[in-house]
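A.B. asks: Below: one structure in structure tokens.
Values in this text are rule-based calculations from the coordinates and carry no lab data. Treat the numbers as computed from the prediction; the structure is a model and nothing was measured. No Cβ is skipped: glycine too gets one built from the backbone with ideal geometry, and neighbour counts run over all protein chains shown.
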Amino acid sequence: MQKFKYVIIGGGIAGTTAAETIRTKDADGSVLIITDEPYPLYSRVMLSKPAFLSPKDQKANIWLKSPGWYETNHIDLISGKSATALDTNAKTVTVEGEIFTYEKLLLALGAHARKWTVPGVDKRGIYYLRTLDEAKEIAVAMETAKSVVVIGGSSVAFEAIEDLLLAGIAVTVIMLEKYFWEPMLDEESGRIVEKALTNAGVKIIRQSEVDEVFGDGDAEGIKLKTGEKINCDMILCGIGVIFPAEWIKSAGVNVERGIVVDEYLKTNVPDIWAAGDVAEYNDVILAGQCMAGNWMSAREQGVVSGLNMAGGQEVFKLVSFYTSNGFGLNIAFGGDIRILPGRTVVSRGSVELGSCTKFILQGSNIVGVTLVNRAYETGTIVKLIENRTDVSAKLKELADPEFDLKQLLIN
């Protein structure tokens with residue numbers, strides 16, 4: 001049984017940043033990172049970019065840490081193995097039969113791609129895009145593929161579709177929703193995205209389900225529940241993510257949508273924190289429990305959790321936002337974009353204008369926003385959310401695409 005002062009489960013941007021931050025406050029305390037991936041830290045957001053995925057482009061440098069970085073900073077790294085059990089009384093973590101003790105524990109597991117479940121899904125030629133190994137497999141398949149079926153309309157799928165087209169591959173999208181990116185985007189915004197996709201040659205089949213994948217060993221196509229068959233060389237699944245947290249929940253850690261933490265990213269169990277995609281944190285700006293699920297937030301949560309594990313009392317305070325680009329569009333999401341009971345929506349822009357913003361309001365304050373081709377407004381809107389600016393008397397101005405939102409900050 002090996003003993004460590006700090007144990008971090010998850011070697012992504014949240015976990016690695018936490019370890020790096022701990023070292024700025026505690027030069028001597030032993031640190032262990034456990035990751036189920038066989039690699040040091042890399043940029044996951046680069047995996048769906050043409051610079052990495054397209055076989056026609058030079059592969060981008062995605063590495064953020066070298067193996068030597070861990071050694072230089074005296075950080076132990078166990079890669080390619082998964083934690084399987086947690087004992088909060090004994091303060092131990094089990095990793096494939098091997099037991100480690102901790103004084104402070106960070107749960108930064110990240111999310112896993114949700115697996116597709118239809119008959120025939122075990123055939124070769126079905127891909128997900130979440131890890132480096134999965135991206136490598138897709139890049140190889142793209143070198144010979146002529147047609148692909150994309151299942152779902154996630155942000156990763158959106159960017160990958162453009163990569164597929166750039167490689168000369170015909171793309172058909174199958175989705176349950178009635179428009180692209182529902183419900184993250186409102187219908188008007190979604191139609192702008194769809195227009196760009198269809199203009200580029202993408203075929204979109206809405207409100208449809210796959211009945212089976214057909215082919216002899218290799219996936220050769222899909223059959224819809226309507227009976228329609230679509231031939232293809234490969235299938236790319238983008239149907240969301242899951243959080244592998246059952247073993248954590250069974251140890252007594254509070255798990256709801258994610259691992260529940262307070263504004264200091266601390267769980268209900270002493271000496272255990274959570275950060276990154278799995279953290280359902282107390283958002284002191286929005287006054288509620290939120291999950292971010294993006295690179296920027298995961299990194300900042302890594303900083304805060306690392307400081308607090310090393311003895312600090314830092315509050316995580318950030319208006320989360322991220323962007324996705326493709327087909328000449330820039331799409332941004334900020335704050336909490338869920339349409340919950342008691343919230344209202346104010347829209348500005350239109351399909352005809354080719355740009356649209358959706359404000360999500362709770363009471364008199366903006367709590368979330370989505371923007372299509374209006375990314376230049378993101379900074380201003382983030383400040384409005386941060387400042388909890390009362391916009392109840394300015395709903396007409398919010399809906400006017402010509403109104404300069406910066407005027408709302410001058411008060």
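A.B. asks: What ranking do Met142, Met46, Met296 get, fewest neighbouring Cβ atoms within 10 angstrom at the top?
C.D. replies: Details: Met142 24, Met46 18, Met296 15.
The order, fewest Cβ neighbours first, is Met296, Met46, Met142.
A.B. asks: Sort 81-88, 400-407 for me by packing, meaning the mean count of neighbouring Cβ atoms within 10 Å per residue, highest on top. Let's see the in-between values first.
C.D. replies: Numbers: 81-88: 16.8, 400-407: 13.0.
Per-residue mean Cβ counts within 10 Å order the peptides as 81-88, 400-407.
A.B. asks: A further question on this structure: How high is the relative contact order of the chain, in percent, counting Cα pairs under 8 Å that sit 6 or more residues apart? Before the final figure, lay out the partial values.
C.D. replies: Details: 919 pairs, mean separation 62.8, N = 411.
In percent, rounded to a whole number, it is 15.
A.B. asks: Another question, then. Rounded if a/c is under 1.5, else prolate if a/b beats b/c, else oblate: with a ≥ b ≥ c from the C-alpha gyration tensor eigenvalues square-rooted, which is the range 330-409?
C.D. replies: On the way: a/c = 1.41, a/b = 1.25, b/c = 1.13.
Rounded shape, in that the Cα axes give a/c under 1.5.
A.B. asks: Still on this structure, I have one more. Between beta-carbons, use under 14 Å as the cut-off and find the net charge around Phe243, counting Lys and Arg +1, Asp and Glu -1.
C.D. replies: Working: positive: Arg114, Lys115, Arg130, Lys249, Arg257; negative: Asp36, Glu246, Glu256, Asp277, Glu280.
Summing Lys/Arg as +1 and Asp/Glu as -1 gives 0.
A.B. asks: So between Gln407 and Gln2, what do we pick up on full extension, going 0.36 nm a residue minus the alpha carbon distance?
C.D. replies: Value of the extension gain: 140.0 nm.
A.B. asks: To continue, here is another question. Starting from the 7 Å offset along Cα-to-Cβ, what nm value, one decimal, do you get for the label separation of Gln313 and Thr198?
C.D. replies: The answer from the label model is 5.8 nm.
A.B. asks: Right, something else. Determine the gain in length on full extension of the stretch Leu340-Ser250; use 0.36 nm per residue of separation and subtract their C-alpha separation, reporting nm with one decimal. If you can, show how the numbers build up before the last one.
C.D. replies: Working: separation 90, 0.36 × 90 = 32.40 nm, distance 2.90 nm.
Full extension of this stretch gives 29.5 nm more.
A.B. asks: Going by average Cβ neighbours within 10 Å, how do the peptides 152-159, 241-248 rank, with the highest at the top?
C.D. replies: On the way: 152-159: 22.1, 241-248: 15.6.
Answer by packing, highest mean first, reads 152-159, 241-248.
A.B. asks: Show me the ranking of peptides 129-138, 330-339 by mean Cβ neighbours inside 10 Å, starting with the highest.
C.D. replies: Details: 129-138: 18.0, 330-339: 20.8.
Packing order, densest peptide first, comes out as 330-339, 129-138.
A.B. asks: Multiplying the sequence separation of Lys383 and Thr226 by 0.36 nm and subtracting their Cα-Cα distance, what value in nm do you get? Please report the intermediate quantities before stating the final value.
C.D. replies: On the way: separation 157, 0.36 × 157 = 56.52 nm, distance 4.79 nm.
Difference between extended and current length: 51.7 nm.
A.B. asks: Please tell me the relative contact order of the range 114-237 in percent, rounded to the nearest whole number, where contacts are Cα pairs under 8 Å and at least six residues apart. If you can, show how the numbers build up before the last one.
C.D. replies: Values: 212 pairs, mean separation 43.2, N = 124.
Relative contact order here is 35 percent.
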